[in-house]
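Engineer: Just dropping this structure here.
The values are calculated or read from the model by the stated rules, or taken from the named source; none is laboratory data. Bear in mind that the values here come from a model prediction, so they are computed numbers and not experimental data. Here the Cβ is made from the backbone with ideal geometry for all residues, glycine too, and neighbour counts use every protein chain on show. Only protein heavy atoms, including side chains, enter the accessible area calculation; ligands, DNA and RNA are left aside. Shrake-Rupley method; radii C 1.70, N 1.55, O 1.52, S 1.80 Å.
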Amino acid sequence: MKLSRLFWRELKFRSLHSILSLLAVSLTVGVIATVQMRLEWRRADTERVLSENKAEVEQVFAKLEDEMRKITKAMGFNVMVLPAEQNLADFYANDFAAKTMPENYVNTLANAGIVTVQHLLPILQKKVFWEEAKSTALLIGVRGEVPFPDTVPKSPLLQPVPKGHIVLGYELHANQGWKQGDQISFQGAEFTIHELKPQKGNKDDITLWIPLEQAQSMFDLEGEINAILALQCKCAWADIAKVREELTKLLPDTQVIEFSSRALARAEARNQAADARKKGLEQENLNRQQILLREERFASTLIPLICLGTMSLLAALTFVNVRDRKSEIGILRAVGLSRAKVLQLFLGKAASLGLLGMLPGLAVAVLVFSQLGLPESPLSWQDGLKPLSLSLIALLAPLLQGIAAWPPAVWAANQDPATILHED
Amino acid sequence: MLNIVDVYKRYTPSGQSPVEALRGVSLSLNPGDFASIRGPSGCGKSTLLLSAGLLQRPDEGRIELKGQDVYALSREERASLRRREVGFVFQQFHLIPYLNLLDNIQLSDCVEPEEHGEERATALAEQLGIAHRLQHTPGELSVGERQRVALARALYGKPSYILADEPTGNLDPDSAKRVLDELAQFAEHGGIVFMVTHDPEAAARATRPFTMNQGLLETPA
């Protein structure tokens, strides 16, 4: 007669108690395993979506970069060389550089043979109040493009303004009723209108262009300019830093900024589109993560509650079992069973019931989970089956039973056989 | 061999004043002794029996088995000693309801298996006239048969002494006689029987009859 035989016979004898305990364990394991499998599935699905979105973002940006390279290379960029000491904040605020630099810098650039730069245009730019027209204007002194030695001449982007002539922006001429060829006075000097610009809706509407030499003379800045426009740089958008580096290497006391290029506008538009797509994906990621978090919170509340409820039930059942078996405990102690063995008897029973209840619980959980409607996803229900999680749940069952049975088992072990046998 | 030396035991029932169950009881029993103790309810008979059975530590005094103070041993050692040296028979039998007769007889094998246990258990069942019921559970046995199973269980571990608490209390005269015969036979074969009873006829079978009153043991003149 081994203790195990005693255990199995008792299990069969008190079948209602055994079935209740098994059901409690099975149900608990079933619910926990189902919740856990769903959570694992959700984690896997979220991970999949995040990973796919990340790949898509990377793909979008890679494609964008490639397209940008191709597109911007064809379009070219416009950059402006300014004196190094020019404060850019002031430049952007005033629309011109207050500082100047030698005009021959443009020749240095032209002679250096920079292959990426297609057109070079030195200018002297000032904001002025046109006394005669009672209007603020942006004056640009231009001399036309500087030719590149040893290269085939390119068709110029801008024609030079002939000496003694002036080109007027729309706002400057529209209210005056001037026509091409009219003689007008600007800051005390006489000019013939060379061209009247149509309305553009930008700063060009308040700009007037005169020959560079005349502008330098007007402001006592002979031989000085305050910007060189390097137009249609044939390079990819991503290579613009190289152009900037190349230019500033040739002219160390200058700085280079990018301005009003179509490529830049296109790049920005595409960037915005890519950013919008990225934000959309990020929002989707966030939504997915929130759903996962909600399910994790639900599980982290539900599982302890279920465990607590089951443990209370199992503890109550074990207390009842101990009470019903007091006479047994008395006689077992009388025939020499130690307190430790009595403890082992009850804890062993609890752990065994835990193990026995765990198997059908897991089986039912897998069955229920496989039939459970899952959100649309390429993942199948099998993706929720994580061996580690299921193993932990399998261990949890006998552990819960053991913990729940501990107080009544200790109570059983501490029963005084003399009192029991005397009472009976 | 079993010496009870100046044993005292006091209880304090809840809400009541302390009760002295044993007041300096001394008794020495040797192999072959069949001792009986009679006395009114609450006189301390069962307390003495359980103390002698290594189940209840006295407040004062000693209980010695083969010269060893049994309450000087640890709980585990005492449990082991109980398995080897003591057999119990109770008025309520204390059989385990879901074990068959054979398993009930062999109950002490849970602690330490007896060599050729099943053969010995079967032999005891035959000796006590219950061999035809070996596979039956206690619920399927008559009261007399149950007490014989309890007696077989007590004898199974080849104890030095048997403690019997009202062993015939629930039995018809024939069954009672059979149980008493077996106890007497155990004593005749060198065992010690220490029986608590209300039954004068049962007490008359003892070779060493005692009475007990208010925690004091008296030897009849």
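Engineer: Go through segment B:51-102 and give me each residue that's touching an Asp or Glu at 6+ places or on another chain (Cβ under 9 Å), of a type in the set (Lys, Arg) and open to solvent by 30 Å² or more (accessible area, probe 1.4 Å).
Structural biologist: B:Arg62, B:Lys66, B:Arg84
Engineer: Counting only residues that are surrounded by 20 or more Cβ atoms within 10 Å (Cβ to Cβ) and either more than 12 Å from every other protein chain (Cβ to nearest Cβ) or assigned to a helix (DSSP H, G or I) (or both), how many does segment B:151-161 have?
Structural biologist: Of the residues in that region, 7 qualify.
Engineer: Then there's this: Just to be sure, is B:Asp33 acidic (Asp, Glu) and more than 18 Å from B:Leu155 (Cβ to Cβ)?
Structural biologist: Against the criterion (acidic (Asp, Glu) and more than 18 Å from B:Leu155 (Cβ to Cβ)), B:Asp33 does not qualify.
Engineer: Just to be sure I understand the filter: pairs with C-beta atoms under 6 Å, separated by 6 or more residues or on different chains, first member in segment A:405-416 and aliphatic (A, V, I, L, M), second member open to solvent by 60 Å² or more (accessible area, probe 1.4 Å) and part of a helix (DSSP H, G or I). Which pairs pass?
Structural biologist: Matching pairs, first to second residue: A:Ala413/A:Arg339.
Engineer: Same structure, new question: Tell me, which residue of segment B:173-221 that is among the small types (Gly, Ala, Ser) and open to solvent by 30 Å² or more (accessible area, probe 1.4 Å) is farthest from the chain's Cα centre (by Cα)?
Structural biologist: Ranking the qualifying residues of segment B:173-221, first place goes to B:Ala221.
Engineer: If we scan segment B:32-52, do we find a residue that is of a type in the set (D, E, K, R), in contact with a Ser or Thr (Cβ under 6 Å, 6 or more places away or on another chain) and within 9 Å of another protein chain (Cβ to nearest Cβ)?
Structural biologist: no
Engineer: Show the residue pairs meeting these rules: Cβ distance below 6 Å; 6+ apart or different chains; first residue within segment A:211-223 and open to solvent by 60 Å² or more (accessible area, probe 1.4 Å); second residue of a type in the set (S, T, N, Q).
Structural biologist: A:Glu222/A:Gln216
Engineer: When you go through (1) without any contact (Cβ under 8 Å) to a residue 24 or more places away in the chain; (2) within 24 Å of A:Val161 (Cα to Cα) one by one for A:Ala93, which number turns out not to apply?
Structural biologist: (2) is the only condition that A:Ala93 fails.
Engineer: A further question follows. Given the conditions (1) open to solvent by 60 Å² or more (accessible area, probe 1.4 Å); (2) within 14 Å of another protein chain (Cβ to nearest Cβ), report the number of the one that A:Gly336 does not fulfil.
Structural biologist: (1)
Engineer: Report whether or not B:Glu119 is among the charged types (D, E, K, R), within 28 Å of A:Lys12 (Cβ to Cβ) and assigned to a loop (DSSP other than H, G, I, E, B).
Structural biologist: In short, no.
Engineer: Filter segment B:135-150 down to residues that are more than 20 Å from the chain's Cα centre (by Cα) and either surrounded by fewer than 17 Cβ atoms within 10 Å (Cβ to Cβ) or under 25 Å from B:Ala79 (Cα atoms) (or both), then give me how many there are.
Structural biologist: 5
Engineer: Could you pull out the residue among A:Ala93, A:Ala98, A:Ala137 that is open to solvent by 50 Å² or more (accessible area, probe 1.4 Å), touching a Phe, Trp or Tyr at 6+ places or on another chain (Cβ under 9 Å) and among the hydrophobic types (A, V, I, L, M, F, W, C)?
Structural biologist: Working: A:Ala93 fails: touching a Phe, Trp or Tyr at 6+ places or on another chain (Cβ under 9 Å); A:Ala137 fails: open to solvent by 50 Å² or more (accessible area, probe 1.4 Å).
Only one candidate qualifies: A:Ala98.
Engineer: Provide a single number: the residues in segment A:1-18 that are surrounded by 13 or more Cβ atoms within 10 Å (Cβ to Cβ) and either without any contact (Cβ under 8 Å) to a residue 60 or more places away in the chain or not in a helix (DSSP H, G or I) (or both).
Structural biologist: 6
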